[in-house]
Amino acid sequence: MSAQTILSIATRGRGFTEITDEVAHVVRGSGVRVGLCNVFVRHTSCSLTITENADPAVRRDLETLAARWAPDGDPAYRHADEGDDDMAAHGRSVLSGVSLQVPVGDGRLLLGTWQGVYLWEHRHAGHTRQVVVTVIG
Amino acid sequence: MSAQTILSIATRGRGFTEITDEVAHVVRGSGVRVGLCNVFVRHTSCSLTITENADPAVRRDLETLAARWAPDGDPAYRHADEGDDDMAAHGRSVLSGVSLQVPVGDGRLLLGTWQGVYLWEHRHAGHTRQVVVTVIG
Amino acid sequence: MSAQTILSIATRGRGFTEITDEVAHVVRGSGVRVGLCNVFVRHTSCSLTITENADPAVRRDLETLAARWAPDGDPAYRHADEGDDDMAAHGRSVLSGVSLQVPVGDGRLLLGTWQGVYLWEHRHAGHTRQVVVTVIG
């Protein structure tokens, strides 16, 4: 049994957009009781991550760390066609990843209490991002 | 065909706990011959990783690197409710990831000779961590 | 339904080898219409990643970043049995990851236009790397 949906998620520039509810909705509609849910973003300048869903300061601090992992406008970059945030976005996307899996049990996502699923936009400008949700079991 | 088990793994504070045998045991019991095994940790201050299982110095050096990737007690952090290691743990968890997949072939994990599956605790204190193992095929 | 193939990929030392076509070929042969494709590399000193497939400067810049994330020959490393690039390779492998999933829809990989699947060699010398491709649906 499997189900697949492509979500369009509008971001408002660099930062986190929680998509836990949207993903959970696809899982409920799939009829899968035990299996896996894959979430995949079809771009290379944003990423997906699971992190704490309570204190928003966690996400602000993740941006602080990401600015060290792959800074904007680094003079060592050769790829800067789309601006200072172009290569920084690709670097962060590689580190955080564009694909994640959450187990499904009893027909729902088996996330921990404090875990949320986030689309992490790494470009300064807002974009509409395609997110593929696939459930198999 | 699918199987799912939730393991409780007690960590002894920051560091690596190998769980390859526990995961392999679930795979053997599943009856799946060809498929995928997902391992997922239901927390945001630890992570899962696959790394070398031979020289323990590799894991010590990974801690050395992680202390640069997301240092304890960084003055830039705003989130420090649970101490100096709180935000460092979230940052490391995002980098290493909370979900991993290993292919199953001929009824067993298709890990390479030198690959081990590790639960990586990022908090200083030991915790009991819930690890969901799902096998589908 | 599932299919599994082990590819042997020869690398030419540190850098990226695109394997999108090889993975897509396994997907086409599998007969799976909707599902997941897992790609897994059975080593701990290389990794897999999805990144931009257009401008090769992106991959050069990723090497520049990786040299900061896990530098060669760092004096803090204790593990250096196989040379200056040994521990650097393990560190980069943990960050980039050895396993990735791409959704399959309508019988093909649902990659975005600019996404390529890459084997990322982190050792200076070329190696033959085993890559397991598993398709389930």
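Bear in mind these aren't lab numbers, they're just calculated from the coordinates by the rules spelled out. Small disclaimer: the values here were computed from a predicted structure and weren't measured. For neighbour counting, all protein chains shown are included, and Cβ atoms are generated from backbone atoms with ideal geometry for every residue, glycine included.
Annotations
- Label 7 Å beyond Cα on the Cβ vector: residue C:29 copy-to-copy distances, nm: 3.5, 3.5
- Each label was represented as a point 7 Å from its Cα along the Cα-to-Cβ direction; for residue B:55 and residue B:76 these points are 3.1 nm apart.
- Copy-to-copy label distances for residue B:106, where each label lies 7 Å from Cα along Cα-to-Cβ, are 3.8, 3.8 nm in order of increasing length.
- Projected label distance in nm at residue B:128 and residue B:6, using a 7 Å step from Cα toward the beta-carbon: 1.2
- Two-site label geometry, residue A:33 and residue B:18: point separation in nm, points 7 Å out along Cα→Cβ: 3.7
- Given charges at beta-carbon only (K, R positive; D, E negative), |dipole| of the range B:2-136 in Debye: 420
- 10 Å binning of all Cα-Cα separations within the protein assembly as shown, expressed as whole percents from 0 upward: 5, 25, 37, 27, 7, 0
- Sites matching trypsin sites (Lys or Arg not before Pro) across the range A:1-109 that sit in DSSP coil, with at most 13 neighbouring C-beta atoms within 10 Å: A:12, A:78
- Cα-based convex hull volume of the range B:84-137 per residue, rounded to whole Å³: 109
- Per-q log10 I(q)/I(0), chain C, q = 0.12, 0.13 Å⁻¹ (Debye; single scatterer per alpha-carbon; no solvent): -0.48, -0.56
- Projecting the Cα atoms of A:49, A:26, A:9 onto the charge dipole of chain A, computed from C-beta unit charges around the Cα centre, puts A:26 farthest toward the positive end.
- Cα centroid of the range B:91-137 to Cα centroid of the range B:57-90, whole Å: 20
- Length gained when the stretch residue B:63-residue B:106 is fully extended (0.36 nm per residue, less Cα-Cα span): 12.0 nm
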